[in-house]
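Peer 1: Please see the structure below; I have some questions.
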Amino acid sequence: MIHQTGKDYLAAPRKRVLLYGMSGLGKTHLATMLRDQGSWFHYSVDYRIGTRYMNEFIADNFKREAMKVPLLRELLMTDSVYIASNITFNNLAPLSTYLGKPGDPAKGGVPFAEYMKRQDQHRQAEIAAMLDTAHFMERADEIYGYPNFVCDTSGSICEVVDPDDAADPVMRQLSETLLLVWIEGSNDHTAELVRRFDRAPKPMYYQPDFLHAMWEEYRATHSVSEETCDPDHFVRWTYARALAHRQPRYAAMARWGVSVTAEEVAMVKDAAGFDALIARAIDRKA
């Protein structure tokens with residue numbers, strides 16, 4: 001770790017922190033709070049993925065749909081309209097829509113092969129966006145003069161790194177330049193995340209072996225084909241299993257840094273409270 005004691009962290013003139021954990025436990029909330037208080041640069045991995053590495057895929061998908069409408073087709077062919085996504089830190093709908101869900105096309109599904117192709121695009125984009133973190137730390141300091149930096153990761157970070165491999169390039173770079181902080185949820189949080197997802201299912205990124213296994217099991221247990229699979233039901237069914245799949249991977253990543261609980265995060269009201277929380281987490285691990 002880049003800080004051995006809480007005192008070392010508090011005395012550091014430039015604080016570098018990476019937040020990771022399940023979506024919905026407070027990563028973006030904390031990062032936004034720190035940014036709004038003026039001395040922290042907020043680097044969103046999801047935003048970087050959607051605006052830098054998958055922006056063209058997303059825009060082209062919009063254009064394919066627009067080309068099905070005669071009026072829009074004519075305007076596109078004459079360069080009379082411009083189509084682009086409007087991703088923000090708090091609205092990643094264009095990226096989620098592009099990733100899609102496998103199953104019945106009449107219910108918004110895409111062929112499983114296409115779904116897996118887009119999953120792989122996301123994997124490559126997420127790795128690249130994570131490796132961009134060091135570059136953005138330099139930019140934040142040299143161009144904008146921010147003394148502190150917080151990296152707000154995607155919930156799927158545990159799917160694209162191998163925390164058990166001491167030579168994993170992403171884990172090595174991140175741990176050598178930032179303090180890795182796991183926001184750990186309880187069983188109650190997991191149940192609430194499942195309920196929230198069930199109300200509004202959205203596309204997610206998972207490891208290919210896990211997805212293939214879920215796809216085969218789901219079709220077998222529900223007696224459906226690719227063409228008759230309900231896309232929303234499949235992603236709901238998969239999400240609940242994915243949380244259990246991810247938990248030990250997050251825990252393995254915690255060996256590279258420190259952990260805090262979602263309850264502790266909920267008590268943080270300002271940057272000073274955040275620093276105190278991180279210092280306690282470092283000393284707790286020591």
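Peer 1: Take residues that are more than 30 Å from residue 259 (Cβ to Cβ), of a type in the set (Gly, Ala, Ser) and under 18 Å from the mean Cα position of the chain (by Cα) and tell me which of the helices (runs of 4 or more DSSP H) falling wholly in segment 19-120 contain 1 or more.
Peer 2: Hits in segment 19-120: 93-99.
Peer 1: So which of 97, 153 ends up being touching a residue at least 60 places away in the same chain (Cβ under 8 Å), among the β-branched types (Val, Ile, Thr), open to solvent by 10 Å² or more (accessible area, probe 1.4 Å) and under 19 Å from residue 197 (Cβ atoms)?
Peer 2: From the options 97, 153, the qualifying one is 97.
Peer 1: Tell me which residues, restricted to segment 84-107, are more than 19 Å from residue 45 (Cα to Cα) and out of contact with any Lys or Arg (no Cβ under 7 Å at 6 or more places or on another chain).
Peer 2: Selection gives 84, 101, 102, 103, 104, 105, 106, 107.
Peer 1: Kindly indicate whether residue 38 is touching a Lys or Arg at 6+ places or on another chain (Cβ under 9 Å), among the small types (Gly, Ala, Ser) and open to solvent by 20 Å² or more (accessible area, probe 1.4 Å).
Peer 2: For residue 38, the condition - touching a Lys or Arg at 6+ places or on another chain (Cβ under 9 Å), among the small types (Gly, Ala, Ser) and open to solvent by 20 Å² or more (accessible area, probe 1.4 Å) - is not met.
Peer 1: Among the residues in segment 176-188, are any farther than 17 Å from residue 260 by Cβ, surrounded by 15 or more Cβ atoms within 10 Å (Cβ to Cβ) and at pLDDT 95 or above?
Peer 2: Looking for residues that are farther than 17 Å from residue 260 by Cβ, surrounded by 15 or more Cβ atoms within 10 Å (Cβ to Cβ) and at pLDDT 95 or above, one finds at least one in segment 176-188, hence yes.
Peer 1: Residue by residue through segment 52-91, note down the ones that are surrounded by 12 or more Cβ atoms within 10 Å (Cβ to Cβ), closer than 24 Å to residue 131 by Cα and free of Cβ contacts under 8 Å to residues at least 12 places away in the same chain.
Peer 2: Listed by number, the list holds a single entry, 91.
Peer 1: Please name all residue pairs, on different chains or six or more residues apart, with Cβ atoms under 8 Å, provided the first residue is in segment 160-175 and is at negative phi and among the small types (Gly, Ala, Ser) and the second residue is buried (at least 19 other Cβ atoms within 10 Å of the Cβ) and assigned to a loop (DSSP other than H, G, I, E, B).
Peer 2: That search, which allows pairs on different chains as well, returns 175/257.
Peer 1: Can you tell me which residue within segment 215-247, out of those that are among the aliphatic types (A, V, I, L, M) and modelled with pLDDT of 95 or more, is nearest to residue 115 (Cα to Cα)?
Peer 2: The residue in question is 224.
Peer 1: Follow-up. What's the number of the condition residue 268 fails, among (1) under 18 Å from residue 151 (Cβ atoms); (2) open to solvent by 50 Å² or more (accessible area, probe 1.4 Å); (3) part of a loop (DSSP other than H, G, I, E, B)?
Peer 2: Of everything listed in (1) under 18 Å from residue 151 (Cβ atoms); (2) open to solvent by 50 Å² or more (accessible area, probe 1.4 Å); (3) part of a loop (DSSP other than H, G, I, E, B), residue 268 misses just condition (2).
Peer 1: If you go through segment 13-35, how many residues are open to solvent by 30 Å² or more (accessible area, probe 1.4 Å) and out of contact with any strand residue (DSSP E or B) (no Cβ under 7 Å at 6 or more places or on another chain)?
Peer 2: 4
Peer 1: Does residue 10 fit the bill of being out of contact with any His (no Cβ under 8 Å at 6 or more places or on another chain), at pLDDT 95 or above, open to solvent by 50 Å² or more (accessible area, probe 1.4 Å) and assigned to a helix (DSSP H, G or I)?
Peer 2: Yes; evaluated as a whole, the condition is true for this residue.
The values are calculated or read from the model by the stated rules, or taken from the named source; none is laboratory data. Computed from a predicted model, the values in this text were never measured in an experiment. All Cβ positions, glycine included, derive from the backbone under ideal geometry; neighbour counts span all protein chains shown. Surface accessibility is based on the protein's heavy atoms, side chains included, excluding ligands, DNA and RNA. Shrake-Rupley method; radii C 1.70, N 1.55, O 1.52, S 1.80 Å.
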